[in-house]
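**Student:** Could you have a look at this structure, given as structure tokens, before my questions?
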Amino acid sequence: MISVSIAGIGGQGNVLAAKILAQAAKTKGWQVRTAETIGMAQRGGDVISHVRMGNNHEEVYAPLPAKGSVDVVIALEPGEGARALPYLKENGLLVVPQSGIAPSTADLKADPYNPAAVIDALAAQGVAVSVVDDQALCDALGTRKALNIMMLAHAINVVNADPRFEHNELRNAISMDELREAIVACVKEKFVTMNLTAVDLVLQSAKVYKI
Amino acid sequence: MSKTFLMGNEAFAHAALEAGVKVCAGYPGTPSSEVLETIAKAHAQGKAEGVHVEWSTNEKAALEMLAGAAYSGARTLFTCKQVGLNVASDALMSLNYVGVEGGTVLFVADDPGPISSQTEQDTRRFASFAKVPVFDPATPEQGCAMIKTAYDVSERYHTPVIVRPTTRVCHASTFIDIEDTTQAKPAKGFEKDSKWVIFPKRSFEAHGEINDRLPKIAADFSACEFNPIEVVSFGQDAEADSTASRDVPVQVSAQEPASDQVPTIGVVAGGISYAYVREALRIIEQLAREAHVALSAVKLMQVGTPYPFPAQRAEEFVQGLEAIMVFEELDHVLEDEFLKLAGQIHAPYTVHGKLTGETTARGENTTDDIAAQLIAFMQLPLSLEGRGMVAQTPIPARPPVLCAGCPHRGSFIAVKNALAAMGKKHEGVYCGDIGCYTLGNAKPLSTVDTCLCMGAGITIAQGITAVDPNRKAVAFVGDSTFFASGMTGVANAVYNGHDITLVVLDNATTAMTGSQPHPGTGVTLVGEHRKPLSIDAVLQALGVEKIIHANPLKAHDAIEAAREAIGFEGPSAVIYESPCTALIAPQAPVEFDEDACTHCTKCVSRLGCPALSWDRENRHPLIDTSLCTGCGLCAELCSDGALACPTQADSTDQSCPSSNAQEA
């Protein structure tokens, strides 16, 4: 069983990222279930999608994973990565972008949100966290719209390449070409090129990441 | 037939279409809304032949309309969330007595948690109260099969049937086979018959018919596929996975498992808890293998048809069991049934669950909780401790808030300012309602003092002034909610002379549930154009003598409108008109003029707009240009002129046109 969680804030595209993974799993002939946050929480709230894939041809019963059972958490925002941490396996991979999104607050005395400190704290407690320079990638693409796809591509790239994840269930389960195929199958035609370019940008810059 | 990635609700819509549904109606509400939207989409694509689908004014209107269609022989589908059934309950209670000709399925989505609801009511209880059969799916696939069976049950016994999935089933997705096109079953039309008229004498007869058919339906349910029993045994071999044999119950009892595998422990689950139990057993097996702990087999039963309870199947299940643990969300419906059964057959088993404090009493079940509860129940020397890390860093709270540019923010601020300007003796009470605008309760707006149910703000305000006539009670209602259940409350205020001020937040859509049309928008679910119902005309017709229109994003006009209406003696109304940000393209973001800013902080501390935050170091507002819609409200309210909307010629000019006005 492979479990992947995608954590973000309403509107960041985590549902689409989950759908792309589900499509890739289906092409493999695996059973797949996903779970999404829909409704009141979408109004500026934190949202999380889960994808559970029966890669050993086992039956996937529930759409939601248990705590400590997720192979890779893909966060679209550092604080949301921290929020989703309880789902991650002890030796699982967490990918986060550098940029944070400050929570909405009218409280003038609230401490400013510091995403870098969140990432440092996660690394300090021993979480295998891989940080993406999302600003550079999104600037290169000319939009932040494909951040979800970039983070997804980065996660698959790291889990496939980094020796630390030798025993991760997602390792080599989905190739970059299979990801590309799934993107083509899932996104609107006019956005295919943008999203495939996003994948290419991630791969081109991958070597500069400390993974 | 094609395999398609569908959310539960989308899949259920296709299942109803494949069952030949002809007339579909409901009212939006999370987690049920996507069902009718999917049917409308299939209709628009020409893939659903012969189907009528609509958003009705409210749930009661929907179910009554469907009753007429069902009397006429059409297969019908009603959809709502759990609290929506409360609104339709008057119709449902009687409809079961009158009976239906065409299959009638009520898709009622429950919301354990609750995640997006005001109650944790259990529709399985409603079903037994109404004496109506109910199905409870564990997965989207099973829900699809249940919907098809539900139509058959409905027509065989002339009874409405409820299918009640929960949020996690409605919003889970998987690949499902669907027909590319569907055809509605033809209906013969209405045939006159005295049975369509409910009278006490007829009701007495009908009650007998209901009492006769329920045991038959229970017997059918005992033989159906939705109440599977299986023995889950755990291999001692390190390589073995959990082996579960799913068979019809007769075969299960004839299976004669190895003597050490004859289970004395039973686990019962309903809805998604069944899936969680299966996952939890997998975890327990893994833990046991790692700890070299031997596991005894357990007997597992899903109850997919909680009412009428499939007692015969349950009786087969309990044979040889010493203890049963029941997992279900919301109420202890199945637990009650197994307790009742133990009494009826003088069985020696004990029942463990919510009533014994051994399972989760409220909110959602999870695989983790169920695994822990099973470990305790089975008295296993296993522990789940250490599963899942916890971040050693503060995580920013992200409660839901009104969107940047939301016109409701302007409406709330206008009423608040108007009341403040009228002096202390006018301290108002803000009677809120159900919709995005319930979020006005959050700081810094703090403009929701009460919230009960759809339309209740209007009538609660009347009760507050009945007790304290000097108190200014302001009732807020959205445009969709106004048509759904606000009008009777207004009639009551006028008729009984309650001096309240009604504030209609007209954003031209049903925003919270995902921008559905309503009678005031002039567009139907399938895109037909009608003459929009006018809220103003309705209020006039109901006798409201003071009605003022204003754009809530034009702060000064909006405040003046509120002041005039609140100052009026007798029922009055302000209609704030400005479309939901989801309906319009954002304008250029607001611009900040550092030199003009006097660091008063009001733009951040009073508005609570997600696009504005306070830079403590430099003591000025920060604008998140990716969120700002250029609505202009902050520019209107900044007395320093430090915030300006570039799309408006002069944003400090109170009469500048709002970017949104033309869409209202």
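Read-outs throughout are calculated quantities, based only on the coordinates presented, and are distinct from any laboratory measurement. Note that the structure is predicted; figures quoted are calculated from it, not measured. Quick reminder, even Gly has a Cβ in these numbers, built from the backbone with ideal geometry, and neighbours come from all protein chains shown.
**Student:** Between rounded, prolate and oblate, where does the protein assembly as shown land on the alpha carbon gyration tensor, with a ≥ b ≥ c its root eigenvalues, rounded for a/c under 1.5, else prolate if a/b exceeds b/c?
**Tutor:** Verdict is oblate for the protein assembly as shown.
**Student:** Now for a separate question. Taking only DSSP H segments of four or more residues, each worth -39500 (n - 2.57), what value at 222 nm results for the protein assembly as shown once the sum is divided by all its residues, to the nearest 500 deg cm²/dmol?
**Tutor:** Per the formula, -11000 deg cm²/dmol.
**Student:** Apply 1/(1 + (r/R0)^6) to the Cβ-Cβ distance of B:GLN118 and B:GLN183, taking R0 = 56 Å, and write down the FRET efficiency to the nearest 0.05.
**Tutor:** 0.90
**Student:** What is the Cα centroid distance between region A:138-184 and region A:1-50, reported in whole angstrom?
**Tutor:** 15 Å
**Student:** Follow-up. Whole Å is fine, so just give me how far the alpha carbon centre of region B:491-562 lies from that of region B:155-210.
**Tutor:** 34 Å
**Student:** Mind giving me the FRET efficiency for B:GLU564 and B:THR356? R0 is 56 Å, r the Cβ-Cβ distance, nearest 0.05 is fine.
**Tutor:** After rounding to 0.05, the efficiency reads 0.40.
**Student:** Another question, then. Just subtract the alpha-carbon distance of B:ASP640 and B:ALA44 from 0.36 nm times their residue separation and send over the number in nm, one decimal.
**Tutor:** Full extension of this stretch gives 209.4 nm more.
**Student:** Would you mind checking the tilt of helix B:272-291 against the longest principal axis of the Cα atoms of chain B, expressed as 0 to 90 degrees and rounded to 10?
**Tutor:** So the inclination is approximately 60 degrees.
**Student:** OK, next. Evaluate the relative contact order of region B:403-485 (contact order divided by residue number), counting alpha-carbon pairs under 8 angstrom at least 6 apart; express in whole percent.
**Tutor:** 31 percent
**Student:** At 7 Å along the Cα-to-beta-carbon direction for both A:THR197 and B:ARG471, put a label point, then send me their distance in nm to one decimal.
**Tutor:** 6.0 nm
**Student:** Starting from 0.36 nm per residue, how many nanometres of slack lie between B:ALA342 and B:ASN211 once their C-alpha separation is accounted for?
**Tutor:** 44.9 nm
**Student:** Given axes a ≥ b ≥ c from the Cα gyration tensor, I'd like to know whether region B:25-68 is rounded (a/c under 1.5), prolate (a/b larger than b/c) or oblate.
**Tutor:** Oblate shape, in that a/c is at least 1.5 and b/c is the bigger or equal ratio.
**Student:** Averaging sequence separations of C-alpha pairs under 8 Å and six or more residues apart, then dividing by the length of chain B, give the relative contact order as a whole percent.
**Tutor:** Over chain B, the number comes to 10 percent.
**Student:** What is the gain in length, in nm to one decimal, between B:THR264 and B:VAL197 on full extension, counting 0.36 nm per residue of separation less the C-alpha to C-alpha distance?
**Tutor:** That works out to 18.9 nm of additional length.
**Student:** A 24 angstrom limit on the alpha carbon distance is what I want to check against. Which of B:LYS22/B:LYS148; B:LYS60/B:LYS443; A:LYS89/B:LYS81; B:LYS60/B:LYS81; B:LYS22/B:LYS47 exceed it?
**Tutor:** B:LYS60/B:LYS443; A:LYS89/B:LYS81
**Student:** In addition: For helix B:34-44, report the angle its Cα long axis makes with the longest principal axis of the Cα atoms of chain B; keep it between 0 and 90° and round to the nearest 10°.
**Tutor:** 80 degrees
**Student:** How far is helix B:140-157 tilted off the main Cα axis of chain B, in degrees rounded to 10, range 0 to 90?
**Tutor:** Helix B:140-157 sits roughly 80 degrees off the main axis of chain B.
**Student:** Looking at chain A as a GNM with Cα springs under 10 Å, which of A:GLY54, A:GLY92, A:GLY79 has the largest mean-square fluctuation?
**Tutor:** Among A:GLY54, A:GLY92, A:GLY79, the largest GNM mean-square fluctuation belongs to A:GLY54.
**Student:** Let me ask something else. Just want the ordering: A:HIS57, B:HIS599, from fewest to most Cβ atoms lying within 10 Å of their own Cβ.
**Tutor:** Least crowded to most crowded, the residues run A:HIS57, B:HIS599.
**Student:** Cα gyration tensor of region B:532-611, axes a ≥ b ≥ c as square roots of the eigenvalues: rounded (a/c below 1.5), prolate (a/b > b/c) or oblate?
**Tutor:** It is oblate, given that a/c is not under 1.5 and a/b is not larger than b/c.
**Student:** Can you work out the FRET efficiency for the pair A:ALA206 and A:ASP120, with r the C-beta to C-beta distance and R0 = 30 Å, to the nearest 0.05?
**Tutor:** 0.85
**Student:** Looking at chain B, send over the antiparallel percent of its DSSP beta bridges, to the nearest 5.
**Tutor:** Just about 30 percent of them are antiparallel.
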